[in-house]
Structures are given as structure tokens and as C-alpha cells.
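Taking it in order: structure first as C-alpha cells, then the write-up.
The values are calculated or read from the model by the stated rules, or taken from the named source; none is laboratory data. The model shown is predicted, which means the values in this text are computed figures rather than measured ones. A quick note on method: Cβ atoms are made from the backbone with ideal geometry, for glycine too, and the neighbour counts reach across all protein chains shown. The area values use the complete protein model at the heavy-atom level, side chains included, leaving out ligands, DNA and RNA. Shrake-Rupley method; radii C 1.70, N 1.55, O 1.52, S 1.80 Å.
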Amino acid sequence: MTYSEAVNYILEIPKFTKKNDALHTKTFLRYLGNPQENLKVIHVAGTNGKGSVCAYLDGMLRSEGKRTGLFTSPHLMKMNERIAVDGSPVSDELFSRAFDAAYTAVGEMKKKGLSHPTFFEFLLGMALYTFHIEGTEYAVLETGLGGRLDATSAVEPPLICAITSIGYDHMQYLGETLGEIAAEKAGIIRPGVPVFYAASSEESDSVIENEAEKNGSFCKKIGKDAYEILGIEDKHIAFSCSSDYYGNTTWKLNNTGTYQPGNAVLAMEVMRYLFGENAHLSRWRDVLADLKWAGRMEEILPEVYVDGAHNISAVEAFVQSVPRDETENMILFSAVTDKEYEKMAAALCRDLRADIYVVTHIDDPRGTAAEQLGECFRKYTDRPVVVKESVREAFLWAMRHRGERRIYCLGSLYLTGMIEELIQEVKSDAELRRGIKEV
């Protein structure tokens, strides 16, 4: 199949498949030739920060001269983003080659009466096949939903596990309490495999600790006392580490999110365990200072930011990252229907100084109606709430009426991806050029 045909096929998968167990995923990988064998896998789960931790790990591993594969989700603009080799998304040609291998394996499975892999399983198989044929040594795998029943958990045993912050998200699948959600995330822990995790709450921390003890796994908690934020300057956030291992080095991230140093330190501690005294800390420092992870407090135009915050804990972390200065802020927001968008709206109105809120509808079956979001925001603010029916219309309106304000776009990774695509269209679109004068 061509690249476009392959992408269309993958997008159609949810219509004719069902959730499969780990045994099914292992069977699929066997039909693919077990491409996961001999890979050194770092398995990452959690509610927020998974993608950032994976990106930091991938970058630091490459700085150590390692050939890496990176599997993350979702993508923002192009499906290739989910599968990267040595820090770059795979080409259309390599994506198509991996698709052909997975498609052939599925054909053989269907002859045996086996069910079709899910959307996520299929892409995981493509990623592992790609890592195998490209000769990668390390594979950094981000879970999709949860951990215990996630397709990535079929790739075992991992070399090491990492669990990012635990918060409320996907409760209809993972549980109503932080303890229940943490139990699903901690399902990636395997006997004797070291686990590093970000401290979140006493309830979730104890679940992870107990699961590690049950599996006889070394376990290390990364608390907020592991680092100190030193300040934000020139679009970088600077921090220091409390451990003597890192000396008095000032570390910088190419990001202004105050939640990112915690993600970076979690990744650094995993690297420290792997490389110890043989680590090249100066290389890590350079990598972290340069690395950009799209859609996470990303400045896409001067004073225009997109952030992937799409649950209440992520929105609360976002709020803490917005500068407390005299500049006015404009919020552009959208969300899908299965998220707690009213709680997110309340937090944005209560805890953030913004003088205009723009809400819109994501062009997706799960998108919440723009007017419904507008009514929601009006419950919590007396500031203007502007309702626009499309992301394009909302973004153009925001840019034309921004004045001296900063614009923050958040509430859904779908929204982030759509705005990123709009920016890419600027050079060939007269309307956008008129609306976005800064470009």
C-alpha cells in the first residue's frame, strides 16, 4: 500500500476490532518475528508527563552514543511522529515498510481465526519492527492507557520502568480514586525490574511502593525536593538538583513549564541508574537545554503558546507555569466530551489571570460543542467568553484581537495538533497571513 493508504487503513482499525489481552499482543509480535527481542526497553507509564520523560530519555541515551527507538502517542500532525529512530520520526517510506510487515502478519493471523490487533497494538508492532530492522539498541515505550492491560506491557521484561505523576484521567477505565489509577499504572512493574516514579500523593505513592516490593524490584521515589527551580530566562527554565551526583550544575530546559524539571529529573535518575559513573553529564545538560517536545508549553509564535494539558491535574500544573506579571492573558480552550472540562474551566477562571476566554469545537466526534463550553466558562467568570465554532475561526479571532496579550491554547492534544497544522499553512494561506501578522 502507499503511505496514504496505510494511514487510512490504520485509522479505520477501531471500526472492526476489540480490546485484546497481552497474550494476543504477544501472538501478533510472534507473527512479526518477535522484533522486540534483544531490545533494551525502558517502559514509561503515568498520567501526565509520559511523553516528556520519554523524549528526555531518548535524547540523553543518544548523547551516550546509543541508537534509540521511541514510541509515543498521540501524534499531533502526522502519524509518523509516534515512531522515531535516533530522535527523528520515521520517513513515509520506512513507515510504509513497517506497515506492510504488520499487515502481512495480520493476514496470517486471520487465517488462523485470530482477531485483528487494535489501533494501538498495530502501531506498536510497526514501531518494534522498525526498531529491529534499524538496529536500535534501546527502545523507549510510552504506554497508551493505564499500564496493567496496555499493549506495551506485552514487551517484557523491560530493562527499567518509570512512572510519571498520577492524576485523575480516564476514570471510566482506570478507577475513581488515585489509588485505583496508580494500581493500573503500576501494572507495568515486573519482577526484579527497577522502577523510578514521581511522587504524586500518599495514596498513589504507597500503591507503587507496594507493587514494587511485591515484585522484589528496586524502587526510587523522585520528590519535589529532588530539584529546585532557579528561574525562567530566555524561554528556558533553569533548575538545580539536590543530589551530590549532579554537583552544582545549573540545568536548563527548552521550555517554561514549571512541571518539566520534575519530568527531567525522573529521566535523569533513570539514566543515572543505567550509566552511573560512566555517564556524560555535560552531554545530558546540552541535550536537555536544546530538546523541544512539541505541544508542551511550546511557543509556536511570539507570545503564543500551546500546551497539551487535557485533564484537571495537567491544567493545574499549567496554571502554575503561567508568569505572574502584568501582561494580560487570553485563553483558547477546547476539550473532548469524556474529559472533566468543567473542572478545567473552573481552574482556569479561578486560578489564572485572564481577561478573555475563547472556546471552540474540535472537529472530532468526541469534541464538546463550543456553546456548551461557553456556558461552562460563564459559570465561573464575568470576563468575556467568545464562542467560535471551528478551531480555525477561534485561532484567527484570537490573533486579531490579542493586543498585547499572551495567548495560551490548551484543553486537548487534538486542539494543539490542529493549531500546529494551522501555523504550517500560514505561508500558503492569505487569510491566515492577514490574521497572523507576526509570521
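Odds and ends about this structure:
- With N counted as the residues of region 1-158, its alpha-carbon radius of gyration over 2.2 N^0.38 Å works out to 0.96.
- Fraction of antiparallel bridges per DSSP, region 53-163 only, in percent to nearest 5: 55 percent
- The alpha carbon centroids of region 191-242 and region 26-98 are separated by 23 Å.
- Convex hull per residue volume in Å³, alpha carbons only, for region 123-222: 92 Å³
- For the chain, the 222 nm mean residue ellipticity estimated from helices alone, with every DSSP H stretch of n ≥ 4 adding -39500 (n - 2.57) and the total spread over all residues, rounds to -12500 deg cm²/dmol.
- Counting every pair of alpha carbons in region 164-209, the share spaced more than 14 Å apart comes to 42 percent.
- More than 18 Å apart - percent of Cα-Cα pairs taken over region 155-306: 63 percent
- Anisotropy class of region 365-422 from Cα gyration tensor, a/c 1.5 cut: oblate
- Antiparallel DSSP beta bridges within the chain, as percent of all bridges there, nearest 5: 35 percent
- Over region 280-423: Rg over Rh, Cα atoms, Kirkwood Rh: 0.99
- Counted charge near Ser115, where neighbours are those whose Cβ lies closer than 12 Å (Asp, Glu -1; Lys, Arg +1): +2
- Both radii come from the Cα set of the chain: Rg as radius of gyration, Rh as Kirkwood radius; their ratio Rg/Rh reads 0.96.
- The alpha carbons of region 1-81 occupy a box of 41, 30, 30 Å along the principal axes, longest dimension given first.
- Solvent exposure ordering (accessible area, 1.4 Å, most first) of Phe275, Phe95: Phe275, Phe95
- Over region 314-389, the ratio between the Cα radius of gyration and 2.2 N^0.38 Å evaluates to 1.05.
- Principal axis box of region 37-116, alpha-carbon based, largest edge first, Å: 43, 31, 30
- Residue-level accessible surface for Tyr138, protein heavy atoms, 1.4 Å, Å²: 20 Å²
- As computed over region 296-336, the Cα convex hull volume per residue (Å³): 77 Å³
- Volume in Å³ per residue [convex hull over Cα atoms, computed for region 28-75]: 106 Å³
- Expressed as a fraction of 2.2 N^0.38 Å, the C-alpha radius of gyration for region 223-324 is 1.10.
- Fraction of accessible area attributable to carbon and sulfur, the chain (%, probe 1.4 Å): 48 percent
- Accessible surface, region 20-118, averaged per residue in Å² (probe 1.4 Å): 38 Å²
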